[in-house]
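Working notes, beginning with the structure itself.
The values are calculated or read from the model by the stated rules, or taken from the named source; none is laboratory data. On a predicted model such as this, the values are computed, not experimentally measured, just so you know. Heads up, the Cβs are rebuilt from the backbone with ideal geometry, glycines too, and the neighbour counts pull from every protein chain shown.
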Amino acid sequence: MADKESQTPKVEPLDKKNPCQVTYYIEQQAFQGTSTHFNERGILVNCPQPAPLNTKVRLALQFPGLKNIIELQGEVVWTNIHGPAETLSPRGMGVRFSNIDRDMERLLAELASQFDTQASIFSCYYS
């Protein structure tokens, strides 16, 4: 019987120059965004059309250099629909992940540790 560790996908070094491409679905409609700030609990999505607070969304995350798309579900816990695309209060939304298992948490934590060392300062937008 294979050991649990060997079943967890190995993460190759990511291309940190490019952001994670995010497709988010509200009901059946798809929207696009990007992210460089995430952890195992949530993600800050930079996008022109953020969803309203408390909206349930389905996410498809495509990381540069990673073959497989990561699909997750979450809830919008922060949104900025009016402001410009700035660093302090970026236009977009914070999504807290829901119903993720420990293997996915570990994978996201490993990706986050490779992708952006400043992600923790933005975690207030999705925690």
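For residues in region 29-83 being modelled with pLDDT under 95 and of a type in the set (S, T, Y), which is surrounded by the fewest Cβ atoms within 10 Å (Cβ to Cβ)?
Taking the candidates together, the pick is T34.
Please count how many residues of region 28-72 are over 10 Å from the mean Cα position of the chain (by Cα) and within 17 Å of A109 (Cα to Cα).
5
What single numbered condition from (1) modelled with pLDDT of 85 or more; (2) of a type in the set (D, E); (3) part of a loop (DSSP other than H, G, I, E, B) fails to hold for E86?
Every listed condition holds for E86 apart from (1).
Please name all residue pairs, on different chains or six or more residues apart, with Cβ atoms under 7 Å, provided the first residue is in region 100-112 and is more than 8 Å from I70 (Cβ to Cβ) and the second residue is among the small types (G, A, S).
A112/A119
What residue, among those in region 104-124 that are buried (at least 16 other Cβ atoms within 10 Å of the Cβ) and of a type in the set (A, V, I, L, M), is modelled with the highest pLDDT?
M104
Under 9 Å by Cβ, and 6 or more places apart or on different chains, what pairs join a residue from region 19-37 that is farther than 13 Å from T55 by Cα and without any contact (Cβ under 8 Å) to a residue 12 or more places away in the chain with one that is part of a strand (DSSP E or B) and aromatic (F, W, Y)?
Pairs that qualify, where the first residue is farther than 13 Å from T55 by Cα and without any contact (Cβ under 8 Å) to a residue 12 or more places away in the chain and the partner is part of a strand (DSSP E or B) and aromatic (F, W, Y), are A30/Y24.
Just a yes or no: is a residue in region 95-103 modelled with pLDDT of 85 or more, more than 23 Å from T55 (Cα to Cα) and exposed (fewer than 14 other Cβ atoms within 10 Å of the Cβ)?
The answer is yes, given that some residue of region 95-103 is modelled with pLDDT of 85 or more, more than 23 Å from T55 (Cα to Cα) and exposed (fewer than 14 other Cβ atoms within 10 Å of the Cβ).
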